[in-house]
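Worksheet for the structure shown next.
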Amino acid sequence: MNRIHNNFTLPMDNTPKIEQIELKYLSLKDFEVLKEVFIEIYGDAPDAYWRKDELRSLIDIFPEGQVVILVNGDLAGCAFSIIVDYNKLADQHTYDDIAGDVKFKNHTEDGDMLYGIDVIIRKEYRGLKLGRRLYDYRKELTEQLNLKGIVFGGRIPNYHKVSSKLSPKQYIQKVRTKEINDPVLNFQLSNDFRPVRIMSNYLDGDKDSKEYAVLMQWDNIYFEKESKAPSNQKSEVRLGLVQWQMRSYSSLEELLHQVEYFVESLSGYRSDFALFPEFFNAPLMSKYNHLSEPDAIRELAKYTEPIKNKMAELSIAYNINIISGSMPEIINNKLYNVGYLCKRDGSTERYEKIHVTPDEARVWGMQRGSEFKVFDTDCGKIGILICYDVEFPELSRILAKEGMDILFVPFLTDTQNGFSRVKLCAQARAVENECYVAIAGSVGNLPKVHNMDIQYAQSAVFTPSDFAFPSDGIKAETTPNTEMILIADVDLLALRELHNFGSVKNLKDIRNDLYSLTRKK
């Protein structure tokens, strides 16, 4: 039996006035009307329409895959599909291989792909975007069933006009570049389907396509491979930012008491992360103010280990991942600006400031770090860059290529100029890397600490700028120069959708054919 799959033509001008559109499951009661529709389009040959026993088989094995669409109560179109094991499909299969058997033996509930076997829209209802509705239903069904995606053999009905000059591959390329108009292929491409391969002898009698078809595929970005291992990774993540007030502390214990206060507060709101600013522990240098700046900060470095250990304890006690901001650390007599990710599972990981500012190098003798990476957490993959590092787009782009969803930036700025550099660059990183960026800084004054006298900050969570996100790319922000916490929820699934269906695709559209960015070994 020969059927013309995905039978679309250009919209007609005399489309009917719409009063009601309804999508419903196919029923055997629709057989006579459906038969008339097929005969109207393909003629009255016995193999031009679906037989009743074939429809019965489809409904019996997979009722959710068979739908009709009604306009003002009249049947205007239909879509039929089955589930297949994609790995068992031959690369060069035919339409009859899929749908020629009345029992549809290729259908399996254990399959991983939805295979579209027919879509038709009646001529008088074309131009109402009913085909898009049917495709959208298939996509929703695929997501609900947790299938990898949708495949089907798509016709190329205008190919016969140029078949003597162009191969099918050349034809498809010219359709994609708009040099040739193919209503069927254009429709499928506009609905996020991609060509996988060309299949010959696909549909017997399809003279317009020269019996070629293009295997089209739509990928379900929400597909989750079944795993026997338990997983508690979240898609909705709550970020907690600490806008820290610089004030005098008489002891390390007093500073840690303030740290615990913020951790407890953020945990009380069920935050997944607590982000502290760069050099938030600088007030402890006040007792060393009689020393030179390089000697004072090296004394401060002695507190880094106990602060890290306390934060690791708090992360477990309060069930929250803590990003320690940054602190000075001495390794082999060299001074570095480092921080620790203290996970709520009890593990800790270290990160370094890669680019030190001229002031850090000149006043303190701070050395540049050399290691940066993506961290795996129970809330996805994250990156951490300290202050000045966010002004170098190469770092975050590499992290984005390695799967980063959220970038955390602890910072310390003294003036609005310095803060603006951090803020504007952080917003740019969110847009260009299609990720969330959280920045947290300190506020207030430290009159008894050299080189740390004034601070300016406005902590914030930035997002990409597309329809699923705030138009200005700002999810939430604090009051400038005021001690407070900021709590904001971010949706990781929204990022996955943005990567595939955003208005622009900053990551996918990178011209790797012209330039590349790689780590040095």
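The values are calculated or read from the model by the stated rules, or taken from the named source; none is laboratory data. What you see is a predicted model, and the numbers here were worked out from it, not measured in a lab. So basically every Cβ, Gly included, is an ideal-geometry build from the backbone, and we count neighbours across all protein chains shown. We work out accessible area using only protein heavy atoms, side chains counted, and drop any ligands, DNA or RNA first. Shrake-Rupley method; radii C 1.70, N 1.55, O 1.52, S 1.80 Å.
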Inset, instruction - First compute the accessible area of the stretch 291-356 with a 1.4 Å probe, then give the percent of it belonging to carbon and sulfur atoms. - result: 45 percent
Inset, instruction - Quantify, in whole percent, the carbon and sulfur part of the accessible surface of the stretch 28-187 (1.4 Å probe; protein heavy atoms only). - result: 45 percent
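Per residue, what volume in Å³ does the Cα convex hull of the stretch 14-84 take up? Let's see the in-between values first.
Working: hull volume 7.2 nm³, N = 71.
Expressed per residue, the convex hull around the Cα atoms of the stretch 14-84 is 102 Å³.
Skip the ligands, DNA and RNA, and give the accessible area per residue of the chain with a 1.4 Å probe, whole Å².
Values: 24350 Å² over 521 residues.
Value for the chain: 47 Å² per residue.
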Inset, instruction - Post the alpha-carbon centroid distance, the stretch 274-332 to the stretch 160-178, in whole angstrom. - result: 64 Å
Inset, instruction - Can you spot the lysines whose alpha carbon is less than 24 Å from Lys88's alpha carbon? Ignore those fewer than 8 places along the same chain. - result: Lys103, Lys105, Lys139, Lys148, Lys225, Lys228
Legend entry - Mean projected area in nm² (Cα convex hull; one quarter of hull surface) for the stretch 289-384: 6.6 nm²
Inset, instruction - Kindly identify the stretch 134-274 as rounded, prolate or oblate by the Cα gyration tensor criterion: order the square roots of the eigenvalues as a ≥ b ≥ c, call it rounded if a/c is under 1.5, otherwise compare a/b with b/c, prolate if a/b is larger, else oblate. - result: prolate
Legend entry - Residues of type aspartates and glutamates that Lys207 reaches as a straight line, Cα spacing below 14 Å, ignoring anything fewer than 8 places off in the same chain: none
Legend entry - Relative contact order of the stretch 180-228, pairs being alpha-carbon contacts under 8 Å that are 6 or more residues apart, as %: 33 percent
Legend entry - Antiparallel DSSP beta bridges within the chain, percent to nearest 5: 70 percent
Inset, instruction - Please give the direction-averaged projected area of the C-alpha convex hull for the stretch 69-175, in square nanometres with one decimal. - result: 8.9 nm²
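Rounded if a/c is under 1.5, else prolate if a/b is larger than b/c, else oblate: which is the chain, with a ≥ b ≥ c the root eigenvalues of its Cα gyration tensor?
Values: a/c = 3.07, a/b = 2.70, b/c = 1.14.
It comes out prolate by the Cα gyration axes.
Please compute the contact order of the chain in relative form: average sequence separation of alpha-carbon pairs under 8 Å and at least six residues apart, divided by the residue count, as a percent.
Values: 1044 pairs, mean separation 57.6, N = 521.
The normalised contact order for the chain reaches 11 percent.
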Legend entry - Peptide ranges 50-57, 410-417 listed from the most packed, as the mean C-beta count within 10 angstrom indicates: 410-417, 50-57
Legend entry - Whether the stretch 198-347 is rounded, prolate or oblate, judged on the alpha carbon gyration tensor where a/c under 1.5 counts as rounded: prolate
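For n ≥ 4 DSSP H runs only, could you compute -39500 (n - 2.57) per run for the chain, divide by its residues and tell me the 222 nm figure to the nearest 500?
Details: 12 runs with 135 residues, N = 521.
Roughly -8000 deg cm²/dmol at 222 nm, from the helical runs in the chain.
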